[in-house]
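Readers should treat all values here as calculations from the given coordinates under stated rules, not as data from a laboratory. Keep in mind it's a predicted model, so treat the numbers as computed, not measured. All Cβ positions, even for glycine, are placed from backbone atoms using ideal geometry, and neighbour counts span all protein chains on display.
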Amino acid sequence: MADLTTDFLGIKSPNPFWLASAPPTDKEYNVRRAFEAGWGGVVWKTLGAEGPPVVNVNGPRYGALYGADRRLLGLNNIELITDRPLEVNLEEIARVKADYPDRAMIVSIMVPCEEAAWKAILPRVAETGADGIELNFGCPHGMSERGMGSAVGQVPEYIEMVTRWCKTYYDRPVIVKLTPNITDIRKPAAAAKNGGADAVSLINTINSITAVDLDSFAPEPTIDGKGSHGGYCGPAVKPIALSMVSEIARDPQTHGLPISGIGGVTTWRDAAEFMALGCGTVQVCTAAMTYGFKVVEEMKRGLSGWMDEKGYRAVSDFVGRAVPNVTDWQYLNLNYVTKARIDQDACIKCGRCYAACEDTSHQAIDMSPERVFTVKDDECVACNLCVDVCPVEDCITMERLPEGAVDPRTGRTVSDEYANWTTHPNNPMAQAAE
Amino acid sequence: MTSPLTPGIAAGRLPAEEIARNFADLHPAYDDHEAQVAADRCYFCHDAPCITACPTDIDIPLFIRQIQTGMPEAAARTILEQNILGGMCARVCPTETLCEEACVRELAEGKPVEIGRLQRHATDSLMARQGHPFTRAPETGKRVAVVGAGPAGLACAHRLAMKGHAVDLYDARDKPGGLNEYGIAAYKTPQDFAAREVEWLMGIGGITWKGGQSLGRELALETLRAEYDAVFLGVGLGGVNDLGVEGAERDGVTDAVGFIADLRQADDLSALPVGRNVVVIGGGMTAVDVAVQSRLLGAENVTIAYRRGRDRMGASRFEQDLATSKGVRIIDNVMPVAVHGNGAAVEIELEYTAERDGRLEGTGERLRLPADQVFRAIGQSLVPVEGPEMDGRKIAVTGPGRTSLDGVWAGGDCTAGEDLTVVAVAEGRDAAEDIHARLTA
């Protein structure tokens, strides 16, 4: 079995699977169960400043988006930070960390955007023996209305300022958790780095309304006929999270900044993808909330099995390996010409490729009276829609035309030389080849 | 106290509760979540093969998608626009040889989308929660006689009534429904569904039920032609083919269709007599229906004897498997030679057969089976109708059911084509459209 041990900012954990700061990490009871189930670490549910704790709504806090067979694809929540007294949380954190010294224990914090507030809480957290802190600059509902959470995360200057305070008053690793509810994720990430952050974690949840009740005309989840946007998470947000992670990983300003990946991690494969894009650990919430803590077992077995298959001995062997392959559109090779190919033996003749291509794309698939579907190479632009809508895996594939072949659509001979938009004759900004 | 071992033909071979259990729904209804899951399996194929395979051209992917989006009643409308007996067809169609055989998931995995059960979910939802889903057009003043209240006649009558014509619906029996009411196996249409469906169908208005009147006795085709603007014949197959062997007249030798009709109309199935040793001659749906129901009533031994190979049986593979799963033995390549007994049947003598140059011949080898009840299920035939030209043993039609007589249409089992409920519905519907076009031209 491959070694899943992870060293993230000097924080060791037996595997890269951490539970994200969220309801599953709100109490000693849950976190002990999580550690017993095998999670590598937890980010304790966000602590607020000393004093009367926040209160939550007393109606539904979650809304859902379902796929086939009521499979949970997306979850949204309007829960706030911990609603238990600070002292209770701190005592529990200290106790659990003492009992599980090999697991990562990170404490999420969100206090008002004032230096005094941070200066007050940080020593208290340090006393627990926790391995580091995560600054919650992401929570998009409730707390943001009070100038915290994503209200801070949306202003890079505040991120930098608060991060600097934390680095001043706390001597262990500081992770800044970013909100995706911004235009360009690179700006807050750079601000965190400039403030001295040891790492960023992302994404926090996305502003969302999961549904509208068509009888009461109220958004869901509904509290007494009204609704408020919540934070969206679960498998549905993974593509957004992967993209944001990749932007930070490849931007020269933030390249090399450690990342803890969050957003729809449900299986080992999701985790491996985040890690390939540069994440040293991943954080999970919705999968645990949907299936219970035992899901980590599949993640651990799956990841180590895949690593064995690929010959990776440590997770560091593959972390970041996909980053160099994320590029700008303008650098994509325009001489890479493919055509769709339909495996007639695998085809079940549903005709979805035909409908998709004929109605919504390039009229590049022919349908015979016997329901035999074939690609018209002179029309096929290789868009991949047929591949995506085909219900049979590997029935339709994209095959590259070899060098020297003529693309019947363009009449041009395929070259094996790399050529992109920056040098294309149609580009008014094209630079002449030297 | 009778039991499966009681000799001869006797009632109450099983406790009443056991018989009731035996005759429960063959394919129980989906609950809402099951229907959603089943609906999610549909790929919404382009120019879907299942539609092509459906004799009534129901837009199956569309209605399944409507179920999936939580609109089963709207799904039912999609079905009923094409097939007003969509509820019955969902129960009795041999979907394994129609839509579900054509389903691409049958090709892909050998597990088609369960179209029949989904159709039932939709139609049951509508029939449970709503009244009649269609409204009748204003009266046209035209009058049409529909003779035969089976699937063809009902479909024709409904479509004509919906178009605003006044329909008189005749049938030889006391109740409408035809084979839906008298012929189909009880476990396919429990809880009096056939009668409830007819009552619901009549909700369109404009249809007058005239039972107990049969063509050639109370009714004359020439009179009908004179009194009505159009006539539709959906008279079905009233005759039963004979066995034509020595001893065929013995007590206990009876026709399967009549037995099933008695069973369907029985208030108390434990009062219905059935043999200890039952032999069914035939290989179609009726043979399976009577064999299975005999077992469910408590017959000890039930055998289907079919003269050709199993691949030639009219009953689908699914039906054959259903029969064997209920403990029915199927012997193929045998034909009856004689029924032996002293007054009542005691034993049947069969001869093995082989096909030579396309002709079926006895091999000379024989076997005898105990048989106190022998069912003839070797096909029904049309009771000849005076007037229209015949095509072999059926009424000749062209296009949408036009007979050789002006103003007379025909459809269902009395015309050529597969003798299926769903085919009859399509023929009745299409004839109605043609009649409507003629009457409003």
Inset, instruction - Pop out the Kirkwood hydrodynamic radius of the range A:330-433 from its pairwise C-alpha distances, inverse of mean 1/r, in Å to one decimal. - result: 15.0 Å
Legend entry - the range A:1-130 - Debye-derived log10 I(q)/I(0), Cα point model, q = 0.09, 0.13, 0.20 Å⁻¹: -0.31, -0.63, -1.18
Inset, instruction - Pairs of Cα atoms under 8 Å, at least six residues apart: use those to get the relative contact order of the range A:339-434, whole percent. - result: 26 percent
Inset, instruction - Report, largest value first, the span of the C-alpha coordinates of the range A:47-122 along each principal axis, in whole Å. - result: 48, 33, 21
Legend entry - Residue mean of other protein chain beta carbons inside 10 Å, B:38-45: 4
Legend entry - Estimated Rh, the range B:72-151: Kirkwood, alpha-carbon pairs, angstrom: 14.5 Å
Legend entry - Computed Rg/Rh of the range B:5-164, alpha carbon atoms with Kirkwood Rh: 1.07
Legend entry - Among A:Leu334, A:Leu90, A:Leu75: highest mean-square fluctuation, GNM of chain A, C-alpha pairs under 10 Å: A:Leu334
Legend entry - Cα centroid separation - the range A:117-156 against the range B:229-274, whole Å: 83 Å
Legend entry - Packing rank of B:391-402, A:158-169, B:139-150, A:215-226, where each peptide gets the mean count of other beta carbons within 10 Å, highest leading: B:139-150, A:158-169, B:391-402, A:215-226
Inset, instruction - Kindly provide the helix-only [θ] at 222 nm of the protein assembly as shown, computed as the sum of -39,500 (n - 2.57) over DSSP H runs of four or more divided by all residues, to the nearest 500 deg cm²/dmol? - result: -9000 deg cm²/dmol
Legend entry - Links that overshoot a 20 Å alpha carbon limit, given the list A:Lys97/A:Lys167; A:Lys177/A:Lys238; A:Lys45/A:Lys187; A:Lys339/A:Lys376; B:Lys142/B:Lys210: A:Lys97/A:Lys167; A:Lys45/A:Lys187
Legend entry - Span from the the range A:178-238 Cα centroid across to the the range B:128-163 one, whole angstrom: 56 Å
Inset, instruction - Mind checking which lysines have their Cα closer than 20 Å to the Cα of B:Lys111? Skip sequence neighbours fewer than 8 apart in that chain. - result: A:Lys349
Inset, instruction - On a C-alpha basis, how far is the centre of the range B:363-422 from the centre of the range A:1-46 in Å? Whole number, if you could? - result: 75 Å
Legend entry - Equivalent ellipsoid semi-axes - Cα gyration tensor, the protein assembly as shown, angstrom: 71, 33, 29
Inset, instruction - Stick to Cα atoms and the Kirkwood definition of Rh, then tell me Rg/Rh for the range B:241-379. - result: 0.96
Legend entry - Sequence-separation-based contact order of chain A, relative, with Cα cut under 8 Å and 6+ spacing, percent: 13 percent
Legend entry - Choice from A:Ser368, A:Ser108, A:Ser304 showing the highest fluctuation, given a GNM over chain A with Cα pairs closer than 10 Å: A:Ser368
Inset, instruction - Return the Rg/Rh value of chain A, two decimal places, where both radii are evaluated on C-alpha atoms and Rh is the Kirkwood radius. - result: 1.03
Legend entry - Volume in Å³ per residue [convex hull over Cα atoms, computed for the range A:185-332]: 159 Å³
Legend entry - Contact order relative to length of the range A:5-91, as percent, for alpha carbon pairs under 8 angstrom and 6 or more apart: 25 percent
Legend entry - Of A:Ala192, A:Ala126, A:Ala356, the one that fluctuates the most in a GNM where chain A has Cα springs shorter than 10 Å: A:Ala356
Legend entry - Loop trypsin sites (Lys or Arg not before Pro), the range B:161-257 (other Cβ atoms within 10 Å of the site Cβ: 13 or fewer; DSSP): B:Arg217
Inset, instruction - Could you work out the mean count of beta carbons from other protein chains within 10 Å of each residue's beta carbon in A:386-394? - result: 1
Inset, instruction - Scale the Cα Rg of chain B by the rule-of-thumb value 2.2 N^0.38 Å and send over the ratio, two decimals. - result: 1.01
Legend entry - Qualifying GluC sites (Glu not before Pro) in the range B:355-441, DSSP loop, other Cβ atoms within 10 Å at most 16: B:Glu386, B:Glu389, B:Glu418
Inset, instruction - Could you give log10 I(q)/I(0) at q = 0.19, 0.23 Å⁻¹ for the range A:104-189, computed by the Debye formula over C-alpha point scatterers of equal weight, without solvent? - result: -0.79, -1.11
Legend entry - Principal axes of the range A:244-399: Cα extent on each, largest first, Å: 55, 39, 30
